[in-house]
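Single-structure report; data block below.
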Amino acid sequence: MFSYRHAFHAGNHADVLKHTTVIAALQHLTEKDTALAVLDTHAGAGLYRLDGDYASTSGEAAEGVLRLAQAPADGLSPALQQYLERVRSFNQGTSLRVYPGSPCLLHGLLRPQDRLKLFELHPTDLRALAGNVGQLEAGRQIAVLHEDGFEGVRKFLPPPSRRAFLLCDPSYEIKSDYGKVLGLVEDALKRFATGTYAIWYPIIPRPEAHDLPRRLRTLATRAGKSWLHATLAVKSGQAVRAADGSTRRPGLAASGMFLVNPPYTLKPALQAALPQMVELLGQDRNAAWSLDTGG
Ligand code: SAM
């Protein structure tokens, strides 16, 4: 079984990038009345305590959402304000003790006609997810599936309403996840060419991670689809050699979001939000952002 637990990472800089992007995209997609099928292939536990053991051990939220929350809200771009407002809505008072994962954030954007399918394989996270989702609704709007998200999601494409948003956010613990992401997007575009497909990936010194956005861009371009690629780096990703000769790894320094068929409103939203993410979350002079579109 996988050892990755998102609770260690909840609210870190990668979540800030991913969740800001997802909220901005979904806000636009839910403006049109027609029902939207929302698919989360790697859901996680849904809700995380920032003052719990996992989060305290890693302290990653302190360098992500908690830093952002200290900035004066009126100076933030609309996408970052929306993101923080939604995170705050899961908390009482001004301090952030709880962080909503993608299932809770996605659910918060649904209208009654929309449906959300959540896939999670880890038994512990699955139990937590079912409990957290059960508190959100008791009806038919959300389905929690104990299935491989890469495979299980295929049966929901194309959706009956012919409108879909898919988030694919694996832990990339195993190298084969990179190939599976490409396989999923390729297959999804064949089944349902007009869906919006959002992929998160880590920027790490590994050939598969380096190649993923390039291969996604080729895939989208060959299919004649528009795409958007956003990256956020908060520090250098280079390992540091200590005086005693040991090597200290810096932890995740950067990540990216790649969307096929992004809403046209996403580019301007991120153009305003990304420089502020760098300004507020950057830890050294390697902090940087990029935003490319095509198709
Ligand atoms: N999307 C979540 C969020 O933004 O809050 C975080 C998801 S976390 C990065 C990845 C999750 O995928 C983990 O909880 C892991 O147990 C689960 N997982 C790993 N492989 C899976 C698979 N093939 N299908 C479904 N879930 C999987």
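Nothing in this text is a laboratory measurement; each read-out follows from the coordinates by a stated rule. Source: prediction; values computed, not measured. Note that each Cβ is placed from the backbone with ideal geometry, even for glycine, and that neighbours are counted across all protein chains shown.
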- Task: Hand me the GluC sites (Glu not before Pro) from segment 124-162 located in a DSSP loop with no more than 13 other Cβ atoms within 10 Å, in residue order please.
- Result: GLU137
- In nm, spacing of pseudo-spin labels at HIS28 and SER176 (7 Å Cα→C-beta vector): 3.6
- Query: Rounded to the nearest 0.05, what FRET efficiency do SER89 and GLU137 have when you use their Cβ-Cβ distance and R0 = 25 Å?
  - Reply: 0.95
- Message: I'd like the Karplus ³J(HN,Hα) series for segment 221-227: coefficients 6.51, -1.76, 1.60, θ = phi - 60°, whole numbers in Hz, and an x wherever there's a Gly or Pro.
- Response: 5, 4, 7, x, 10, 7, 8
- Query: Could you give me the ³J(HN,Hα) list for segment 23-34, computed from phi with Karplus coefficients 6.51, -1.76, 1.60 and θ = phi - 60°, whole Hz, x at Gly and Pro?
  - Reply: 5, 4, 5, 5, 4, 6, 5, 8, 6, 7, 5, 3
- Task: Take every Cα pair under 8 Å in segment 126-225 that's 6+ residues apart, average their separations, divide by the length, and report that relative contact order as a whole percent.
- Result: 26
- How far, in nm, would the chain grow between SER290 and ASP187 when pulled straight, counting 0.36 nm per residue and subtracting the alpha carbon separation? 34.3 nm
- Query: Over the chain, what is the relative contact order in whole percent, taking alpha-carbon pairs under 8 Å and six or more residues apart?
  - Reply: 22
- Query: Can you give the helix-only mean residue ellipticity at 222 nm for the chain, where every DSSP H stretch with n ≥ 4 adds -39500 (n - 2.57) and the sum goes over all residues, rounded to the nearest 500 deg cm²/dmol?
  - Reply: -11500 deg cm²/dmol
- Which of rounded, prolate, oblate describes the chain, given a ≥ b ≥ c as roots of the alpha-carbon gyration tensor eigenvalues and a/c under 1.5 marking rounded, otherwise prolate only if a/b is larger than b/c? rounded
- Can you list which of the trypsin sites (Lys or Arg not before Pro) found in segment 1-106 are DSSP loop residues with at most 11 other C-beta atoms within 10 Å? LYS32
- Tell me, what HN-Hα J-couplings in whole Hz come from the Karplus equation 6.51 cos²θ - 1.76 cosθ + 1.60 at θ = phi - 60° for each residue of segment 84-90, using x for Gly and Pro? 5, 4, 5, 5, 5, 5, 8
- Message: Taking 0.36 nm per residue of sequence separation and subtracting the Cα-Cα distance, how much length would be gained by fully extending the chain between VAL278 and ASP148, in nm to one decimal?
- Response: 43.4 nm
- Message: Taking the Cα of GLN81, stepping 7 Å toward and past its beta carbon, and measuring to each backbone N in segment 10-25: which are under 18 Å?
- Response: 20-21, 23-25
- Residues whose modelled amide H sits under 5 Å from the amide H of LEU36, counting only those 5 or more places away in sequence or on another chain, are ASP114, ARG115
